[in-house]
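Student: To start, I am sharing the structure in question, which I have written as structure tokens.
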Amino acid sequence: MKDREAMLYERLPEDKVRCELCGRRCNVPEGSVGFCRVRKNLGGKMISLVYGKACSAIVDPIEKKPLAHFHPGSLVLSIATVGCDFRCRFCDNWAISQEKDIAGRDLPPEKVVALAEEYDCQGISYTYTEPTIFFEYAYDTAKLAHQRGLFNTFVTNGYMTPEAVETIAPYLDAATVDFKGAGDPKFYREVCLVPSVDPIYGCLRKMREKNIHIEVTNLVVSKYGESMDSIRKLAAWIRDNLGKDVPFHLLRFHPDYQLTDVPSTPIKTLEEACEIAKKEGLNYVYAGNVPGHRCENTFCPKCGELVVERSGFDINRWRLKEGNTCPKCGEKIAIEGAYKPRGGLYHYSVI
């Protein structure tokens with residue numbers, strides 16, 4: 001496909017441009033690319049080099065995002081392009097997120113939506129790499145998806161500018177915002193090459209303002225990012241700024257990319273982190289990447305009843321009554337959308 005002019009940038013003197021898409025707000029000289037490697041200044045005009053060039057198109061369960069409280073049981077078509085605005089040393093999708101060449105198959109927005117319908121998906125998820133860096137592709141696809149009755153979700157590092165959130169908000173229904181190291185600035189600088197964490201909090205506040213469904217994750221990285229004090233502070237920030245009903249997923253780290261010598265997060269560490277987050281007043285705290293663990297389940301925050309039992313990406317028991325209420329005390333559980341039991345296979349590529 002032809003390169004497309006980017007959204008959200010400002011022309012500067014001497015044919016320079018400033019990108020207004022992510023928190024880096026790169027100043028890009030003519031002929032150069034931004035930190036993400038996929039947005040280029042050509043003659044004083046910023047161009048997206050990855051528009052319609054998908055490196056992944058996979059049918060996934062929505063629980064894989066993870067979204068535990070948004071249209072449970074749904075299938076989503078997950079798409080991505082190469083590139084990222086972070087350089088995380090532990091990235092498990094590094095082969096595409098850190099790819100320096102513009103690679104991918106032509107898959108225009110109309111084809112993405114058609115594939116989602118063909119494979120009986122209820123929505124589209126922009127994921128695997130960072131959707132912010134293929135913003136124009138995601139925007140056009142999301143707009144078309146809404147017209148066809150599909151929902152849209154971002155799995156993002158949260159480094160979008162408020163302007164970017166404002167632009168995508170009419171078509172973005174839900175977002176998983178992924179913290180690493182519980183937002184510790186030193187961790188971000190040294191392990192992710194991110195100069196400041198402030199844009200993440202601004203993005204989350206803007207998403208809340210625009211009524212986008214939010215779930216927050218935090219990757220608990222052994223040795224580097226497992227501070228319980230940082231986890232406590234992040235949980236308190238979520239409670240005070242987003243609300244106590246926002247799901248908080250604490251994810252187990254596994255060795256990958258440049259951190260293959262670091263062990264997986266101990267289960268006891270995850271359990272401790274979950275208890276700390278609950279003590280800070282969050283109603284829905286989950287452990288991730290530990291299939292079958294009790295902390296994957298949803299419990300009623302009022303009476304403690306088990307209401308949704310999970311194992312990995314699968315829902316084993318759904319006990320909620322009409323309106324997603326607790327079967328024991330009638331408390332409304334903060335889950336958006338009706339449960340849709342799925343059958344057959346999932347997580348398979350369609351390109």
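The values are calculated or read from the model by the stated rules, or taken from the named source; none is laboratory data. What you are looking at is a predicted structure, and each value in this text was computed from that prediction instead of being measured. As a convention, Cβ positions derive from the backbone with ideal geometry for all residues, glycine included, and neighbour counts pool all protein chains shown. The accessibility values were calculated without ligands, DNA or RNA, using every heavy atom of the protein model including side chains. Shrake-Rupley method; radii C 1.70, N 1.55, O 1.52, S 1.80 Å.
Student: List every residue whose amide H lies under 5 Å from the amide H of Y51, counting only residues 5 or more places away in sequence or on a different chain, with H placed 1.01 Å from N in the peptide plane.
Tutor: Excluding prolines and chain starts, which carry no amide H, the hits are R4.
Student: Follow-up. Tell me, in nm to one decimal, what length is gained between D314 and R11 on full extension, where the rule is 0.36 nm per residue of separation less the Cα-Cα distance? Provide the component values of the computation, followed by the final result.
Tutor: Numbers: separation 303, 0.36 × 303 = 109.08 nm, distance 4.81 nm.
Separation in residues times 0.36 nm, less the Cα-Cα distance, equals 104.3 nm.
Student: Now, a different point. Can you compute the FRET efficiency between E305 and Q258 using 1/(1 + (r/R0)^6), with r the Cβ-Cβ distance and R0 = 41 Å? Round to the nearest 0.05.
Tutor: Working: r = 44 Å, r/R0 = 1.07.
The value I calculate is 0.40.
Student: What relative contact order, as a whole-number percentage, does segment 247-310 give when Cα pairs under 8 Å and 6 or more residues apart are counted?
Tutor: The value is 30 percent.
Student: Sequence gap at least 6, Cα distance under 8 Å: using those rules, report the relative contact order of the chain to the nearest whole percent.
Tutor: Values: 798 pairs, mean separation 53.9, N = 351.
Worked out over the chain, it gives 15 percent.
Student: What is the gain in length, in nm to one decimal, between S227 and R87 on full extension, counting 0.36 nm per residue of separation less the C-alpha to C-alpha distance?
Tutor: Working: separation 140, 0.36 × 140 = 50.40 nm, distance 2.12 nm.
Full-extension gain reported as 48.3 nm.
Student: Here is a follow-up. Starting at the first residue of segment 108-121, write each ³J(HN,Hα) from the Karplus equation 6.51 cos²θ - 1.76 cosθ + 1.60 with θ = phi - 60°, in whole Hz, x for Gly and Pro.
Tutor: Whole-Hz 3J(HN,Hα) from phi for segment 108-121: x, x, 4, 6, 4, 5, 4, 5, 4, 5, 4, 9, 6, 8.
Student: Okay, next question. So if we plug the beta-carbon distance of E118 and Q147 into 1/(1 + (r/R0)^6) with R0 = 22 Å, what FRET efficiency do we get, rounded to 0.05?
Tutor: Once the sixth-power term is evaluated, E becomes 0.85.
Student: Taking K and R as +1 and D and E as -1, what net charge do the other residues with C-beta under 10 Å from the C-beta of R4 add up to? Numbers along the way, then the final one.
Tutor: On the way: positive: K2; negative: D3, E5, E136, D140.
So the surrounding residues net to -3.
Student: Write down the accessible area per residue of segment 311-351 in Å², having rolled a 1.4 Å probe over the full set of protein chains. Write down the numbers at each step before the final one.
Tutor: On the way: 2650 Å² over 41 residues.
Accessible area per residue: 65 Å².
Student: While we're looking at this one, here's another question. What FRET efficiency do you get for E110 and K279 if R0 is 35 Å and r is their Cβ-Cβ distance, rounded to the nearest 0.05?
Tutor: Numbers: r = 49 Å, r/R0 = 1.39.
Here the calculated transfer efficiency is 0.10.
Student: Can you compute the modelled spin-label distance between A95 and K2, with each label point 7 Å from Cα toward Cβ, in nm?
Tutor: 3.4
Student: Here is a further query. Might you report the magnitude of the Cβ-based charge dipole of the chain about its Cα centre, with Lys and Arg at +1 and Asp and Glu at -1, to the nearest 20 debye?
Tutor: Working: 47 positive and 47 negative charges, 79 e Å.
Here the size comes out at about 380 debye.
Student: Related question: Have a look at Y257, V194, L282 and report the one farthest towards the positive end of the charge dipole of the chain, computed about the Cα centre with Cβ charges (Lys/Arg +1, Asp/Glu -1).
Tutor: Projecting each Cα onto the dipole axis, the largest value belongs to L282.
Student: Suppose each label sits 7 Å from its Cα in the direction of the beta carbon; what would the S32-A338 distance come out to in nanometres?
Tutor: The answer from the label model is 5.5 nm.
Student: Related question: What are the extents of the Cα atoms of segment 160-299 along their three principal axes, listed from largest to smallest and rounded to whole Å?
Tutor: Taking max minus min along each principal axis of the Cα atoms, segment 160-299 gives 41, 37, 24 Å.
Student: Tell me the label-point distance for the pair I267, A169, using the 7 Å Cα-to-Cβ offset, in nm and rounded to one decimal.
Tutor: The answer from the label model is 4.3 nm.
Student: Just to be sure I understand: with springs between alpha-carbon atoms less than 10 Å apart, which residue in I315, I124, I214 has the highest mean-square fluctuation in the Gaussian network model of the chain?
Tutor: Highest fluctuation of the listed residues: I315.
Student: Name the residue, out of T298, T269, T156, whose mean-square fluctuation peaks in a Gaussian network model built on the chain with Cα pairs under 10 Å.
Tutor: T269
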